[in-house]
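Reading through the structure tokens given below for one structure.
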């Protein structure tokens, strides 16, 4: 098992937005975290970076939609009435959906990748600027175990 209070742009697989800076909710908080757990056929990795910028959410969204595109189709999970979600008829499908990833009120959420390797960007208005999180989730396991849950 690994755990670190440091995650980098390389860990989340996305570039740092120009002019952005690390964001801490509280003084003692870390602006990033990384953890992993591996064993046999099972594995899990999570890397999160909390950032802030003086730019508007829409400007940051345009930057990250382009960055996410290298991982495949970019899902816009911001408008849950239009977002692709729900359960696939084919449970073993590796196709990414929005599932339960919904933004906070007025926020934006974008995803790309596969169910096993997801890249997520969540953006929220913060005064005249924005707060945003860059997330990478990698989960590997036996499909039989997943269906039992």
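The values are calculated or read from the model by the stated rules, or taken from the named source; none is laboratory data. Model, not experiment: these values are computed from the prediction. Glycine gets a Cβ as well: all are built from the backbone with ideal geometry, and neighbour counts include every protein chain shown.
In segment 46-55, the count of residues that are modelled with pLDDT of 95 or more, more than 25 Å from residue 5 (Cα to Cα) and either over 15 Å from the mean Cα position of the chain (by Cα) or assigned to a helix (DSSP H, G or I) (or both) is one or more.
Within segment 31-38, is there a residue that is at pLDDT below 95, surrounded by 13 or more Cβ atoms within 10 Å (Cβ to Cβ) and assigned to a loop (DSSP other than H, G, I, E, B)? Yes, that holds for at least one residue. When residue 40 is tested against the conditions (1) without any contact (Cβ under 8 Å) to a residue 40 or more places away in the chain; (2) closer than 15 Å to residue 123 by Cα, the lone failure is (2).
Considering the conditions (1) modelled with pLDDT under 90; (2) closer than 17 Å to residue 124 by Cα; (3) in contact with a helix residue (DSSP H, G or I) (Cβ under 9 Å, 6 or more places away or on another chain), residue 24 is excluded by exactly one of them, (3).
Within the option set 84, 15, being at pLDDT 95 or above, within 18 Å of the chain's Cα centre (by Cα), more than 20 Å from residue 126 (Cβ to Cβ) and part of a loop (DSSP other than H, G, I, E, B) holds for one residue only, 15. Could you grab me the full set of residues in segment 94-127 that are closer than 14 Å to residue 58 by Cβ, out of contact with any helix residue (DSSP H, G or I) (no Cβ under 9 Å at 6 or more places or on another chain) and modelled with pLDDT under 90? 103, the sole residue that qualifies.
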